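All remarks here apply to the structure that follows.
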Amino acid sequence: MPPNKLGIVKSLRFARLLYLFVICLAFYLLFTSRSGEVRTIWEVMHPFFIPMFFASTFLLSLIILSSERTEYKLLFLILHSVLSHTFMIIIFPAGNVGVQQMMLGKSRRVFDNVLYPGSGMPAISLPLRIYYSFRGDNFQTAFSVIFARMFGVDVYWSHLLLVPLLWGIFVPVAAFMMTRALGRSDNTSILSSLMISLFPANIIWGAVSISNGLGYLFFFCFIYFLLKYIHSSKVKDFFLVATFLFISFLSHYLAGTVAFSLLILANSIKTYQKDKRRSPASARFMLLLAFIFCASILPFALAYRRFFYPWANTSFSLQKLFEAPFADVLWSLLLGSYFDLIAREAYFTAIIYGVTSLVSLIGMVCILGLRIGAKNSPKRSINPALLFLFLGSLMVIADDRIVRSFMINVPFIEIDRLWLFRDFTLLPFLAIFIAAAMQEMRTTLDRICRNITTSLRRTATHKLSKKLSFFARIRLPKKVSLGFMLTNFFFLAIISGWATVSVYYAYPHWSPLQTTSYELEAVKYIKATTNETYIVVCDSWMTYAGAMIVGIHNPQAYYFSSRDPHGVALFIEMRNNPTNETMKEAMKTNNATTAYFIIEKPRLGTDEYDNVIQKAQQNKILTYKTFYYEGIEKLHIFYYQKES
Amino acid sequence: MIMQERIARDEKLLFTTVSLAVTLLIFLNLNFSLTPAIGTTASILYFLINGTFLGHAFFEKEDRFLRFMLGNLLLIIFLGVIAWATMIIFYNLDIVRSALVLFIVTTSSSLLNKRMKRKNATK
């Protein structure tokens, strides 16, 4: 091997080892930040973690720009992506509090062979049965349970890790494949992979194990297969598209509906490609019609969801337009959800979430413009994949505006649900834009560097001192491209900084108290020490912990769901006036022999907690167990047992 | 990576048999010992063999690494869909039915791999 090449191999090997060391250190720092009582990850995050994350991203970017093999680059990127999606799982005792825990509650029932929702409702109508069967939580349950059984672990672990791991592994791969399908080099595709997997909305949706996360993931893979399908007419490619469409739909109806619209759009573009030579005007008109049809699928699907689910009340309305001031309506139509952020003075968040999409859109429009503008050139014909992505992102933007401004009672309230679909189609262009900017900057700097050196060399020998002549004569431009180095350093710093800021803004900075370690211990303790049927009266936070360990509505170990009005009423009654009579009333729910009542100090506040304990003792309710955290009393369990 | 080629060739159905044996091992582990170490080892083997089968069946033109990754993505999807269908049809996904899901996926992956090999040979 020539010495030059040997040196490169050695330095690549060193970079690999260094990156692995830094990423292991970052994981270690995350583990040391783990806490039993915490609100947000930033409360307890190790102070060295963020600098370490920046350093690891810098190293990763360096490896990406090097001549390292593509599979190594992807492998490191996957590691990085997994790291950035597992903050909540590692730091919190039971992952993020809320919906994902209720989903685990459903999976738990199937895992423990307790009950499956479908088995308990023979009297419901066929459309409703179809609706329930195709809900994303069933598909997620199937995943969690089958993986738990395969690996011989509790469903708790397979559920918590499901989305962050799948997302961490497959989003970088799909992003890489998608950018490569647009005809870009491996290096640009890897850069695109890094940018997409570290986009703030992508981080947060991939960090929580809910069916939306699965839906987005499979939708993203679907787009790659759709791009392949646009260029090919093989049955195998259509099979893959159909499979991923079905999977997106099974994961979440929103992902499925948008995927279905895009499939029709892709087919229309294929037809347009065939027809445009024969009759360009009619082909364009048909494409426009197809675009309008595709954009209307999601709003109509939402409005007519009531055919399957009679309680859905989404409908078209001009109410929002009449209620808001005209200027607000106009800005809202123009900027979409970014207007909400700006109106709330969350300028920095708006920039963090918006700037990349804007740059991507500019990149996409530039490429399209260059193609269209290239007269008398073979490049003039627009790549159908490019046209598809452009129309696809426009379609999602149109859907976003229709859903926001012309519909009421839309079943999703988060502002960024549709952003992700748009970003998946747009973000590859960010990397393409950055790669082009890097190339341009390198060339410019190189040229400037060469010009300066040449002019110095010319003038120095005649007019300037010998000292300057020495600097002019060194063959810097020939040995090392200064421009290249400067550009790389500049972009590496920007990319690493962007990724770090992106992670920092992706995870919430305010949150209620997460499920604590002592709440989990209390649920486990009751489960381990009670052989008979029991019911637990507690607040909604405790029901989350209960759902994770014994499942929701488990007839043997009953926890109400967090939204069950009966459960909420019983808890309020017990909190105001704890009596054995209320416990007896609760026991009727599942014919239990024991009832437990749980209160937690951080949830109620010290005064109310002490007050409830005092009242319960006055009313002769027996204490089952008290739990402490770091030496301070935190949780109290009361109980009542039916006399045999 | 030579290993990947050998798995894809699946001479005398050697790797299909190994994959079926792994399914049996997972079933026995669930029934008798429930050790994560056995489960994890068996599952890694399962993913290695069947992911390679599906990668070769559907993505034969991709690089080895990407072929393996995409094969595993398809495998995960097949596992999910068949597990979901089992749950919907039987209202249950207990140990026996989970083993059945693994068996169906293994058999289908092997058949798809064989079919593609034959198709490529005739080309």
*So residue A:183 clears everything in (1) surrounded by fewer than 21 Cβ atoms within 10 Å (Cβ to Cβ); (2) on the phi < 0 side of the Ramachandran plot except one condition, right? Which one?*
(2)
*Which condition breaks for residue A:126 when tested against (1) farther than 16 Å from residue B:86 by Cα; (2) touching a residue at least 40 places away in the same chain (Cβ under 8 Å); (3) surrounded by fewer than 24 Cβ atoms within 10 Å (Cβ to Cβ)?*
(2)
*Among the candidates B:15, B:65, B:32, which residue alone is facing another protein chain (nearest Cβ under 7 Å), out of contact with any Ser or Thr (no Cβ under 6 Å at 6 or more places or on another chain), farther than 16 Å from residue A:146 by Cα and in a helix (DSSP H, G or I)?*
B:65
_Pair list, Cβ under 6 Å, 6 or more apart: the range B:72-101 residue at the interface with another protein chain (Cβ under 7 Å from one of its Cβ atoms), other residue surrounded by fewer than 18 Cβ atoms within 10 Å (Cβ to Cβ) and not in a helix (DSSP H, G or I)_ = B:94/A:113
*Going through the range A:591-641 one residue at a time, which ones are in a helix (DSSP H, G or I), free of Cβ contacts under 8 Å to residues at least 24 places away in the same chain and farther than 16 Å from residue A:572 by Cβ?*
A:606, A:607, A:610, A:613, A:614, A:617, A:618
*Determine whether the range A:91-101 contains at least one residue that is on the phi > 0 side of the Ramachandran plot, buried (at least 21 other Cβ atoms within 10 Å of the Cβ) and in contact with a helix residue (DSSP H, G or I) (Cβ under 8 Å, 6 or more places away or on another chain).*
yes
_Condition broken by residue A:355, with the remaining ones in (1) touching a residue at least 60 places away in the same chain (Cβ under 8 Å); (2) surrounded by 12 or more Cβ atoms within 10 Å (Cβ to Cβ); (3) farther than 22 Å from residue A:254 by Cβ satisfied_ = (1)
*When residue A:302 is evaluated against the numbered criteria (1) modelled with pLDDT under 90; (2) in contact with a strand residue (DSSP E or B) (Cβ under 9 Å, 6 or more places away or on another chain); (3) surrounded by 14 or more Cβ atoms within 10 Å (Cβ to Cβ), which criterion, by number, is the only one it fails?*
(1)
*What residue, of A:354, A:363, A:392, is in contact with a Phe, Trp or Tyr (Cβ under 7 Å, 6 or more places away or on another chain) and modelled with pLDDT of 85 or more?*
A:363
*Taking residue B:93 as meeting all but one of (1) aliphatic (A, V, I, L, M); (2) part of a loop (DSSP other than H, G, I, E, B); (3) in contact with a Gly (Cβ under 8 Å, 6 or more places away or on another chain), write down the number of the exception.*
(3)
*Residue within the range A:497-519 that is more than 24 Å from residue A:97 (Cα to Cα), surrounded by fewer than 20 Cβ atoms within 10 Å (Cβ to Cβ) and more than 36 Å from the chain's Cα centre (by Cα) present*: no
_Residue that is surrounded by the fewest Cβ atoms within 10 Å (Cβ to Cβ) [pool: residues in the range A:200-222 that are part of a loop (DSSP other than H, G, I, E, B) and within 9 Å of the chain's Cα centre (by Cα)]_ = A:208
*Check the range A:103-116 and report whether any residue there is buried (at least 24 other Cβ atoms within 10 Å of the Cβ), modelled with pLDDT of 95 or more, more than 9 Å from chain B (Cβ to nearest Cβ) and under 20 Å from the mean Cα position of the chain (by Cα).*
no
*For the range A:223-236, what are the residues that are surrounded by 14 or more Cβ atoms within 10 Å (Cβ to Cβ) and within 11 Å of another protein chain (Cβ to nearest Cβ)?*
A:224, A:225, A:228, A:236
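The values are calculated or read from the model by the stated rules, or taken from the named source; none is laboratory data. Predicted, not measured: the structure shown is a model, and the values here were computed from it. Virtual Cβ from ideal backbone geometry, glycine too; neighbours counted across all protein chains shown.
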